[in-house]
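Worksheet for the structure shown next.
Values quoted throughout were computed directly from the atomic coordinates according to the rules given, and no laboratory measurement underlies them. These numbers come from a predicted model, not from an experiment. Cβ placement follows ideal geometry from the backbone for every residue including glycine, while neighbour counts extend to all protein chains displayed.
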């Protein structure tokens with residue numbers, strides 16, 4: 001882990017039930033991946049949100065927890081990187 005938290009974009013596909021979403025959010029929290037509920041964005045294809053963690057291997061942890069029901073959204077994170085470079 002590192003001192004400053006990583007910003008992470010997460011995606012929950014639209015097939016995820018509310019019960020499963022609750023399980024995933026709990027497991028993410030237990031794994032020290034903290035979802036920012038204020039950033040929840042509902043779209044036709046699923047739910048997007050941001051999270052913070054100190055884990056450098058966040059994708060591995062999310063893959064293990066989610067089994068496809070939660071995914072690190074690299075496209076959004078790439079957009080963040082481009083926006084930072086433009087500033």
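Just one of the listed residues (24, 47, 10) is surrounded by 16 or more Cβ atoms within 10 Å (Cβ to Cβ), in contact with a strand residue (DSSP E or B) (Cβ under 8 Å, 6 or more places away or on another chain) and part of a helix (DSSP H, G or I), and it is 24. A count restricted to segment 50-73 and to residues that are touching a residue at least 12 places away in the same chain (Cβ under 8 Å), more than 19 Å from residue 18 (Cβ to Cβ) and loosely packed, with under 13 Cβ neighbours inside 10 Å stands at 1.
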